[in-house]
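Scroll down for the structure; my scribbles are underneath it.
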Amino acid sequence: PNPFNPTTTIAYELGGSLAVAVKLVIFDVRGRHVATLVDGTVEPGQHQILWNGRNQAGLPVASGTYFSQLQWRGQAQTRPLSLVK
């Protein structure tokens, strides 16, 4: 759901028949890296990953707008997330 507090589930689907390298990253509105949720090879199909509103160091982030960016096969898809505390 968007907005969320304290966690949100990010769902994505990969087509094809082979596993691909995937990276799912959270950025703030200034484009700064907040957290990497997925960084590896992922099988085709539907996937879900939980973001707990924390940065890479495990510290809670402030309320505000963030962006999840899914990168695969030279493509990228970005979606906004609103953390409301």
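Residues that are part of a strand (DSSP E or B), at negative phi and open to solvent by 60 Å² or more (accessible area, probe 1.4 Å) do occur in region 7-14, at least one of them. Number of residues in region 61-85 that are surrounded by 12 or more Cβ atoms within 10 Å (Cβ to Cβ), part of a strand (DSSP E or B) and not hydroxyl-bearing (Ser, Thr, Tyr): the value is 9.
Residues checked against (1) under 21 Å from PRO3 (Cβ atoms); (2) within 15 Å of the chain's Cα centre (by Cα); (3) not polar (S, T, N, Q):
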| residue | (1), (2), (3) |
| --- | --- |
| GLY16 | no, no, yes |
| GLY31 | yes, yes, yes |
| PRO44 | no, no, yes |
| LEU50 | yes, yes, yes |
| ALA62 | yes, no, yes |
| THR65 | yes, yes, no |
| VAL84 | yes, no, yes |
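The values are calculated or read from the model by the stated rules, or taken from the named source; none is laboratory data. All values derive from a computational prediction rather than experimental measurement. When we count neighbours, we look across all protein chains shown, and the Cβ atoms used for this are built from the backbone with ideal geometry, even at glycine. Accessible surface areas use protein heavy atoms only, side chains included; no ligands, DNA or RNA. Shrake-Rupley method; radii C 1.70, N 1.55, O 1.52, S 1.80 Å.
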